[in-house]
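Report on the structure given below.
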Amino acid sequence: INSLLEFSRESRAEIERVDVNDLLRRTVQLMRKSLESSDVRVRLQLAGSAFCQANQNAMRQVILNLITNAVQAMPAGGELTLVTSMPADNRLRLEVADTGVGVPPQHLTDIFNPFFTTKAPGQGTGLGLSVVHSVVERYGGEIRVDSTPGVGTTFVVEFPDATDAGAAAEPAAEPAA
């Protein structure tokens, strides 16, 4: 209960320095039981620091939506990989990759449209990725998707850098859920 309350706490500033690594860890912890029951293994590869300027609650929503979408794309279980890095261009990069069913090529141009879904009626509203796209753009970021049916999907989100002291080290694997 404490984790859920901390996760949902009010964000005081409209735009603030957001620790994306911390949000990823908290979200994975919050979803631990759901991930286990879905037979989804999580692999975290987090940079030494990963900050962006955004609204903390909005970033929680981005991360939660991307992870939820990935889990739903793996109905028989699979692997979810969450990576943060600071490439040479000094932007924060977040990658959310799954080993799920993938997105057919003809749908890739529509997945960020409001109410677009490939899910059966009652299984989704088609708003999750639209919200993610809106939030990412609101804070000066970009989002891309690469998907291969039957292999999986990777979302890459990039934000302007918000670190105080330069780029972080290369991501190191760490144990997760």
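The values are calculated or read from the model by the stated rules, or taken from the named source; none is laboratory data. The structure presented is a predicted model; accordingly, all values stated were derived computationally and were not measured. Heads up, the Cβs are rebuilt from the backbone with ideal geometry, glycines too, and the neighbour counts pull from every protein chain shown. Surface accessibility is based on the protein's heavy atoms, side chains included, excluding ligands, DNA and RNA. Shrake-Rupley method; radii C 1.70, N 1.55, O 1.52, S 1.80 Å.
Results, tabulated for the structure shown:
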quantity: Pair list, Cβ under 7 Å, 6 or more apart: region 130-153 residue closer than 13 Å to I63 by Cα, other residue open to solvent by 70 Å² or more (accessible area, probe 1.4 Å) and assigned to a helix (DSSP H, G or I); calculated: V131/Q61; V135/Q61
quantity: Lone qualifier among Q29, Q61 - being part of a helix (DSSP H, G or I), modelled with pLDDT of 95 or more and open to solvent by 50 Å² or more (accessible area, probe 1.4 Å); calculated: Q29
quantity: First in region 101-113 and touching a residue at least 12 places away in the same chain (Cβ under 8 Å), second anywhere and of a type in the set (A, V, I, L, M) and open to solvent by 70 Å² or more (accessible area, probe 1.4 Å), Cβ under 7 Å, 6 or more apart; calculated: G102/V151
quantity: Flag for F159 being at pLDDT below 95, among the hydrophobic types (A, V, I, L, M, F, W, C), open to solvent by less than 60 Å² (accessible area, probe 1.4 Å) and in contact with a Phe, Trp or Tyr (Cβ under 7 Å, 6 or more places away or on another chain); calculated: yes
quantity: Odd one out for E79, checked against (1) surrounded by fewer than 15 Cβ atoms within 10 Å (Cβ to Cβ); (2) part of a strand (DSSP E or B); (3) among the charged types (D, E, K, R); calculated: (1)
quantity: Total residues in region 68-127, condition within 23 Å of L35 (Cα to Cα), modelled with pLDDT of 90 or more and small (G, A, S); calculated: 8
quantity: Qualifying positions in region 38-58 - open to solvent by 60 Å² or more (accessible area, probe 1.4 Å) and either modelled with pLDDT of 95 or more or closer than 18 Å to R25 by Cβ (or both); calculated: D39, R41, R43, G48
quantity: Selection count, region 45-77, where residues are of a type in the set (D, E, K, R) and under 13 Å from E95 (Cα atoms); calculated: 0
quantity: Test result for N65, out of contact with any Cys (no Cβ under 6 Å at 6 or more places or on another chain) and closer than 16 Å to Y139 by Cα; calculated: no
